[in-house]
Ligand code: SF4
């Protein structure tokens, strides 16, 4: 599955990082990034299991995390 962050909507609140540090971190510009992402903006990864990312997507106040 694919986990993706729309960084244009991210407000840098850090909720996803607090809930799911296995996947999320904040980048230098205070936008959420996905750890171990090979994408240039670190805004997406392929993962076997969404794990806690699903919970982060549900509570993100900007609703900018999508899981497909
Ligand atoms: S919870 Fe959403 S708005 Fe907050 S830092 Fe994470 S992706 Fe950005």
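Computed values, structure above
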| item | result |
| --- | --- |
| Those residues of the stretch 23-51 which are more than 17 Å from residue 68 (Cβ to Cβ), more than 9 Å from the ligand (Cβ to nearest atom) and in contact with a helix residue (DSSP H, G or I) (Cβ under 8 Å, 6 or more places away or on another chain), in sequence order | 25 |
| Odd one out for residue 61 among (1) surrounded by 16 or more Cβ atoms within 10 Å (Cβ to Cβ); (2) in a loop (DSSP other than H, G, I, E, B); (3) touching a residue at least 40 places away in the same chain (Cβ under 8 Å) | (1) |
| Residues that are in a loop (DSSP other than H, G, I, E, B) and either touching a strand residue (DSSP E or B) at 6+ places or on another chain (Cβ under 9 Å) or buried (at least 18 other Cβ atoms within 10 Å of the Cβ) (or both), drawn from the stretch 22-43 | 23, 27, 31, 35, 36, 37, 38, 39, 41, 42, 43 |
| Subset of the stretch 7-21 [assigned to a loop (DSSP other than H, G, I, E, B) and crowded, with 16+ Cβ neighbours inside 10 Å] | 7, 10, 20 |
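Values in this text are rule-based calculations from the coordinates and carry no lab data. Just so you know, these numbers come straight off a predicted model, no measurement behind them. Counting neighbours? That spans all protein chains shown, and the Cβs are built from the backbone with ideal geometry, glycine included.
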